[in-house]
Amino acid sequence: MPEPAASSAAPVFRWARLEDLSGPEVHALLSAREQVFVVEQACAYHEADDLDPVSWHLTAHVDGVLAACARVVDPGKKHDAPSIGRVMTVAAFRGRRLGEALMREAISGTRARFPGQAIRISAQAYLLGFYNALGFEAEGAPYLEDGIPHIGMRLAPAQARPAAPDRSAGQA
Ligand SMILES: CC(C)(COP(=O)(O)OP(=O)(O)OC[C@H]1O[C@@H](n2cnc3c(N)ncnc32)[C@H](O)[C@@H]1OP(=O)(O)O)[C@@H](O)C(=O)NCCC(=O)NCCS
């Protein structure tokens, strides 16, 4: 397949439940994930698992091409808190800060959908620094998931903003 031409266009984010995606959109999403997590990472595992129907799916398109994606599993399904997973940037789009932009959108969209809740990630251990930089903190010891080293990480709930001071008090 030809490599997509480099583009500085801003990514267009979309949030959708599985049932709101068209057949071709579901195929594009699962195909991209399979290419990275099964083929590239040489890992035979259940990619389109039973959590997809209980997740929000976040996609980032650049010039109309699927360039990155993640999913947010509903609270109570994988962890008590909502959890971000299947985070990936298509190989041809890496190194352009798209993964970081995707994660920032994933965090803000998760907080908007599940206010006041922490966010969990089962992170591939080699990306500890990537998630640390976004505010996640490691919890517990590393473990193997599908033969790949992982570590549990948690992002604390967003701090509530202090109420603005009442400037009317004491004024004439
Ligand atoms: C991890 C991944 C999403 C990063 O995507 P990306 O669009 O290339 O990342 P960005 O360009 O936004 O980089 C953001 C930061 O992460 C760092 N980073 C990116 N890929 C990294 C990697 N493989 N290892 C360590 N750090 C990495 C970058 O150096 C950058 O750090 P900086 O702020 O110090 O410069 C991408 O490499 C990927 O899809 N990997 C395969 C799938 C995967 O392992 N997903 C994670 C599952 S937990």
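Between the Cα long axis of helix 23-33 and the first principal axis of the chain there is an angle of about 90°, rounded to the nearest 10. With K and R counted +1 and D and E -1, the other residues having a Cβ less than 10 Å from that of Arg120 yield a net charge of 0.
Between Ala158, Ala138, Ala123, the Gaussian network model of the chain with springs among Cα atoms under 10 angstrom shows the greatest mean-square fluctuation at Ala158. Note on the range 21-172: antiparallel DSSP beta bridges, both residues inside, total approximately 95 percent of the bridges counted. Each Cα pair under 8 Å and six or more residues apart adds its separation to the average, and for the chain the resulting relative contact order is 17 percent. The listed peptides 66-74, 10-18, ordered by packing as a protection proxy, come out as 66-74, 10-18 (highest mean of other Cβ atoms within 10 Å first). For the range 12-114, the residue among Ala42, Phe13, Pro75 whose Cα projects farthest onto the positive side of the dipole built from Cβ charges is Phe13.
Taking each residue as 0.36 nm, the span from Leu30 to Val54 lengthens on full extension beyond its C-alpha to C-alpha distance by 7.1 nm. Along its three principal directions, the equivalent ellipsoid of the chain from the Cα gyration tensor extends over semi-axes of 31, 21, 16 Å, largest first.
Cα gyration tensor of the range 12-114, axes a ≥ b ≥ c as square roots of the eigenvalues: rounded (a/c below 1.5), prolate (a/b > b/c) or oblate? Rounded shape, in that the Cα axes give a/c under 1.5. When a/c reaches 1.5 or more, the comparison of a/b and b/c decides; with that in mind, is the range 33-73 rounded, prolate or oblate per its Cα gyration tensor? Note, shape of the range 33-73 comes out oblate. Taking amide H as placed 1.01 Å from N in the peptide plane, the amide H of Ala68 sits under 5 Å from that of Ala60, Val90, each at least 5 places away or on another chain. To the nearest ten degrees, helix 98-113 and the longest principal axis of the Cα atoms of the chain are 50 degrees apart. Counting protein heavy atoms only, the range 1-127 has 55 percent of its accessible area on carbon and sulfur, 1.4 angstrom probe. Relative contact order of the range 59-140, taken over Cα pairs closer than 8 Å and 6 or more residues apart, is 25 percent. Around the Cα centre of the range 1-153, unit charges on the Cβ atoms of Lys, Arg, Asp and Glu (plus for the first two, minus for the last two) sum to a dipole of about 480 debye. Between the range 132-166 and the range 64-89, what is the separation of their alpha carbon centroids in Å? Centre-to-centre distance over Cα atoms comes out at 14 Å. Under a 5 Å amide H cut-off, with hydrogens placed 1.01 Å from N, His150 pairs with Ala125, Tyr143, Leu144, Glu145 among residues at least 5 apart or on other chains. State in Å² the accessible area per residue of the range 12-114; use a 1.4 Å probe, count heavy atoms of protein chains only, and round to the nearest integer. Heavy-atom accessible area per residue stands at 47 Å². Electrostatic bookkeeping for Phe136 treats Lys and Arg as +1 and Asp and Glu as -1; over the other residues with beta carbon under 10 Å from its beta carbon, the sum is 0.
The values are calculated or read from the model by the stated rules, or taken from the named source; none is laboratory data. Not measured: the values here are computed from a predicted model. Glycine gets a Cβ as well: all are built from the backbone with ideal geometry, and neighbour counts include every protein chain shown. For the accessible areas, the whole protein counts, side chains as well, though only heavy atoms, and no ligand, DNA or RNA atoms are used. Shrake-Rupley method; radii C 1.70, N 1.55, O 1.52, S 1.80 Å.
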